[in-house]
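Working notes, structure below.
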Amino acid sequence: MNQSVEPEDLTAYAFLSEPSLSPDASFVVIAVHRAILDKDEYEGNLWVVPRDGTGPRELTTAGKDSAPKIAPDGKRILFTSKRDIGKDDKGNSLYLIPLDGGEARLLLRRKEGIEGHTWSPDGRRILFLSNVGEDEEDVRTIRRINFWFNDKGFVYNLRKHVFVLDLETNTVRQITKGEVDVAKAAWSHDGRRIAYVAQTEDLRPYIQDLFLVDAASGKTTQLTKHDMEIASVTWSPDDRRLVFLGNDFPRGFASHVHLWSIKGAGGKPERLDSLDRNLSNSLNCDIRMGGMNSEPKWVGDRIYFVVAEGGAVHLYVLRVKDRKAELLVGGNRSVEAFQATEGAVVFTAMENGYPPEFYSWKGGKGGIRSLTTFNKDLDRNRDIRKPERFTFRASDGATIEGWILRPAKKGKVPTILYIHGGPKTAFGYSYLHEFQVFAAKGYAVLYTNPRGSDGYAEEFADIRGHYGERDYQDLLEAVDFAIAHYPFVDSKRLAVAGGSYGGFMTNWIVTQTDRFKAAVTDRSISNWWTFWGTSDIGPYFGRDQIGADPWDDEETTLAKSPLRRVKNVKTPLLLIHSLEDYRCWHGEAIQFFTALKYYGKEAEMVLIPKENHDLSRAGKPKHRVARLKAYLRWFDTHLA
């Protein structure tokens, strides 16, 4: 009999990175990470995976390696590593290792960090992004807005720029300068120019622009007009055009990103796709580590890209000539990252709610072939519960998609309504260790994509100005549906939980109804006024989502804040928050907890040090286990 999934089984998973595909498409290199509880860290090594199915081989064993990039000659692997850096020290290093093994060679170490590393087409230079500036670690004097950022800490003295490392001279040159932050960069195929995406305005950092810089002279040209969100950049094969993911905010931050093209000489961007779906992967998952990349790939006369479709993320291809998009990889899966050449398409994916593996796609009858079994043993020695999909018609006629995870326990069982963050993310066919733990302890887990979620039409995602309205109805109607259609759901033992926006909705729900016997709110929002002034995205996200700045409409700001209705709460509430969460600052939990206790409500608060908004997905392993045990203790106490 297989063992039930325990919180500590976080160590059982292999977290797969984005694959790097060799020039001849014969193999890929990926990084595989695993959580190590006794060291309270993640170990990562590089693996070579042949496409002929002969099985992967481990290339590095230092346990500190990630983000591999195969050289244009197919013989060397570039990667980042912390093998020469203390666990809590800042920065990382670039290393180079031969494909056939041997000793890795240190190329560069930077305490400011190295990311976005990319080979030049001739294999002689390496482009990367890194911070410029000195962080004040004691007394801080701050003069700019956006002074901190989740997972990065204080950033007010830092700017991110493009650098190039010359492998022949071992010299590093800074390519971009000034008060801008570069997010993405890409070599042209002739190696003469670099396209990059940069944020240039602190008050509106959600707007980015696309630039071209001559790699030799440094001459820079701005291509866009400061009116779009731009999330990626890729060159056409002839270097005459660029393609990017972005949007022009037709529905504010509820807008879908689409596929756009612009001439290298400048001009107006043209939208290439006609899909009313988001071209990105926002499915919730807690076993990723550098494993996602939705950036399009332009190969020959085709552009490959992902599309969010309900609870799945599929791979599409668009013919540039007629702009016709066709489904390439569909099914009940989440395509996490992919690479494409003229001869191959490879990708990592989660299928039917199972952990990730690496796959190769072949046209015609070749179909899809799994090339790894990093996580296959889980099904042999753990009782991995299979999610059951359902849909129901909401009271206003809309179709709502959801899933329920049934525990092995027979008879009526307590049931947890779990609400995702965002709000523009989604649940679906990606894997969640957290849900498996709950199911293993005898709880059914009900999770849905209410209004505001990703994966559907843009109108469906747009709940700006209407938090706690139609989304609230969708969630409560999902509970009614589950009670009516799944006899094992115990209507008298219901809990509600969620993180980020899901934490906000948990707070909101317990101020509106007492039908839930327990609730857990995680990294939540309780007060839109304080969120505005403390969150790393507060001033612009709050205005977009609520519809006004606090001083312009105090009534709406407070009316949409759960804190205003704290006297209504009857449900026992556990509040969990990380002390370095700069997305939803821990003040959101503290003020709600204080008010609850002041009015004699049953509440507990768990504050976790040295963690941020991503604790449940990327926090230290021991803290992640402690968080899950806090959930279980609360549910066991109130739903037994």
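For the stretch 186-329, the equivalent ellipsoid derived from the Cα gyration tensor has semi-axes of 24, 19, 15 Å, listed largest first.
Counting heavy atoms of the protein chains alone, K610 has an accessible area of about 140 Å² for a 1.4 Å probe.
Here the translational diffusion coefficient of the stretch 592-640 follows from Stokes-Einstein with Rh set to the Kirkwood radius across Cα pairs; for 20 °C and 1.002 mPa s it amounts to 173 µm²/s. When its C-alpha radius of gyration is set against 2.2 N^0.38 Å (N residues), the stretch 298-350 gives a value of 1.10. Taking the Cα atoms of the stretch 6-95, the ratio Rg/Rh between the radius of gyration and the Kirkwood radius comes to 1.01. Once you divide the Cα radius of gyration of the stretch 402-496 by 2.2 N^0.38 Å, the number left is 1.10.
For the stretch 41-171, the convex hull spanned by the alpha carbon atoms encloses 142 Å³ per residue. Say R0 is 35 Å: what FRET efficiency, to the nearest 0.05, do T373 and T200 get from their beta-carbon distance? My answer for the efficiency is 0.15. Between D239 and K111, the contour length at 0.36 nm per residue exceeds the Cα-Cα span by 42.7 nm.
With 21 Å as the limit on Cα-Cα distance, the pairs of K64/K620; K39/K622; K386/K620 that go past it are K386/K620.
Put simply, the convex hull of the Cα atoms in the stretch 539-640 casts, on average, a shadow of 7.7 nm². The heavy atoms of E554 present about 100 square angstrom of accessible area, all protein chains included, probe 1.4 Å. Binning the alpha carbon pair distances of the chain at 10 angstrom intervals from zero yields the distribution 3, 15, 26, 28, 19, 7, 1, 0, expressed in whole percent.
Using DSSP to call loops (not H, G, I, E or B), can you name the chymotrypsin sites (Phe, Trp or Tyr not before Pro) in the stretch 494-557 whose Cβ has at most 15 other Cβ atoms within 10 angstrom?
Hits after loop and neighbour filter: W551.
Could you let me know the centre-to-centre spacing of the stretch 126-160 and the stretch 1-47, using Cα atoms, in angstrom? Between the Cα centre of the stretch 126-160 and that of the stretch 1-47, the gap is 30 Å. Computed log10 I(q)/I(0) for the stretch 482-583 at 0.14, 0.19, 0.24 Å⁻¹: -0.58, -0.92, -1.24, from the Debye equation with unit scatterers placed on every C-alpha and solvent omitted. Our estimate of slack between K39 and K412, defined as 0.36 nm per intervening residue step minus the Cα-Cα distance, is 130.3 nm. The sum of -39500 (n - 2.57) across all DSSP H runs of n ≥ 4, divided by the residue count of the chain, sets its helix-only mean residue ellipticity at 222 nm to -4500 deg cm²/dmol. The rule of thumb for compact globular proteins, 2.2 N^0.38 Å, goes into the C-alpha radius of gyration of the stretch 459-514 1.22 times.
Take the Cα of R302, go 7 Å toward its beta carbon, and the backbone nitrogen atoms of the stretch 337-381 under 19 Å from that spot belong to 337-349, 359-370. With a Cα cut-off of under 30 Å and a minimum spacing of 8 residues unless on different chains, the lysine pairs in the stretch 217-366 number 22. P(r) for the stretch 111-196, from all Cα pairs and a bin width of 10 Å, is 16, 45, 25, 12, 2 %, short bins first. In loop segments of the stretch 279-388 as defined by DSSP, the GluC sites (Glu not before Pro) with at most 12 further C-beta atoms inside 10 Å of their C-beta are E342. W235 sits among other residues whose Cβ lies under 14 Å from its own Cβ, and their net charge, with Lys and Arg +1 and Asp and Glu -1, is +3.
Enter the Cα centre distance for the pair the stretch 474-505 and the stretch 531-569, rounded to the nearest angstrom. If we compute the Cα centre of each part, the gap is 25 Å.
R565 exposes around 70 Å² of accessible area when a 1.4 Å probe is run over every protein chain in place. With the convex hull drawn over the C-alpha atoms of the stretch 149-252, the volume per residue is 134 Å³. If you wrap the Cα atoms of the stretch 423-474 in a convex hull and average its projected area over all directions, you get 4.2 nm². Straight-line cross-link reach from K570 at under 12 Å between alpha-carbon atoms covers these aspartates and glutamates, not counting any fewer than eight positions away in the same chain: D514, E602. Considered as an equivalent ellipsoid built on the Cα gyration tensor, the stretch 342-434 has semi-axes of 30, 21, 12 Å, the largest given first. The length gained by stretching the chain between Q591 and V139 to full extension, at 0.36 nm per residue less their Cα-Cα distance, is 160.1 nm.
With every protein chain in place and a 1.4 angstrom probe, the accessible-area ranking of R251, R369, largest first, reads R369, R251. On the basis of the beta-carbon distance and an R0 of 22 Å, R173 and K152 show a calculated FRET efficiency of 0.35.
The values are calculated or read from the model by the stated rules, or taken from the named source; none is laboratory data. The model shown is predicted, which means the values in this text are computed figures rather than measured ones. Quick reminder, even Gly has a Cβ in these numbers, built from the backbone with ideal geometry, and neighbours come from all protein chains shown. The area values use the complete protein model at the heavy-atom level, side chains included, leaving out ligands, DNA and RNA. Shrake-Rupley method; radii C 1.70, N 1.55, O 1.52, S 1.80 Å.
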